[in-house]
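Trainee: I have a structure here, written as structure tokens, and I will follow up with some questions on it.
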Amino acid sequence: MTIMVIWERRGKAADGGGGNAAVCPIVFEVLERVARGVTPVTEVCGNGVDDNCDGATDEGCGPEDPFTAGLCSGTALTAGTALTLLGGAARKVLASATIQIRTRSCTPCTWGAPVDWVISYLTYSGGVTTRYTSLPATMNLVLFLDGGAAKLSIQHTTFAGSTYDDTDGMVYGFPPQVVQYPHIRAYNHAPASQYDYLELDYMAVNGTVVLGDGCLQWTADAYGQGGPPYTQGYAVVFRWD
């Protein structure tokens, strides 16, 4: 019986993320896999790689915790590669994801599990009347040109069809710098009253971006807590091919 073994890199292309590829055997003319020179290892959660060479990625793992450091590894997107990714277009939506929020009852306490963040936006304040609207913090990661320079905009999905443009999102250049007071803007497409605000705003602090290969991790802290330490935090991870 002839056994032919070839090697496949299972990383960004095959598994949809990660970038720091694993090397796994593919065996033809036999039903079972034959590993030569590679000992499968325990699956590493959250890196987008088939570490144990079983054909699946991140199996046995729970939901990805976007607050975990080091989720975005590999060669980071640069200004030059960003222009190549745009391919002559003025903008491109790279990925969509929902910001997660985690909380704790005291600063020495353990953080609770992160959950999808629903932001309560102020939509009207006048006299004794105050109105809010709740919107899931679902964001698009947009790569766009600003005066010929490639930049990244993290923006609420309600930007589409609104008065906002890409520069109204949380904008980061290359390399990304910390935005001290990031504004998480949204647009009120269905106001409850003619007096309701259409352009909505929610502010955080210390908006920090980490770039990897096909990956961006954004974290921030809660505004108005006078920290650190804080009792609320926000994070999201975007992945693209």
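The values are calculated or read from the model by the stated rules, or taken from the named source; none is laboratory data. What you are looking at is a predicted structure, and each value in this text was computed from that prediction instead of being measured. Cβ sites come from the backbone with ideal geometry, for glycine too, and all protein chains shown count toward neighbours. These area figures cover heavy atoms from the full protein model, side chains too; ligands, DNA and RNA do not enter into them. Shrake-Rupley method; radii C 1.70, N 1.55, O 1.52, S 1.80 Å.
Trainee: Which ones in the range 228-240 are assigned to a loop (DSSP other than H, G, I, E, B) and surrounded by 14 or more Cβ atoms within 10 Å (Cβ to Cβ)?
Mentor: Result: Y230, T231, W240.
Trainee: What is the one condition in (1) open to solvent by 30 Å² or more (accessible area, probe 1.4 Å); (2) within 18 Å of the chain's Cα centre (by Cα) that A160 does not satisfy?
Mentor: All conditions pass for A160, except number (2).
Trainee: How many residues are free of Cβ contacts under 8 Å to residues at least 40 places away in the same chain and hydrophobic (A, V, I, L, M, F, W, C) when one looks only at the range 79-108?
Mentor: 1
Trainee: Looking at D65, is it of a type in the set (D, E, K, R), over 21 Å from A137 (Cβ atoms) and part of a loop (DSSP other than H, G, I, E, B)?
Mentor: No; evaluated as a whole, the condition is false for this residue.
Trainee: Only one of (1) over 30 Å from T84 (Cα atoms); (2) free of Cβ contacts under 8 Å to residues at least 40 places away in the same chain; (3) crowded, with 19+ Cβ neighbours inside 10 Å is not met by Q225, so which one is it?
Mentor: That leaves (3) as the condition not met.
Trainee: Tell me, which strands (runs of 3 or more DSSP E) lie completely within the range 133-193 with 3 or more residues that are in contact (Cβ under 8 Å) with a residue 40 or more places away in the chain and basic (K, R)? Please lay out each step first, then the result.
Mentor: On the way: elements: 138-146, 149-156, 170-172.
Counting at least 3 such residues, we get no strands (runs of 3 or more DSSP E) at all.
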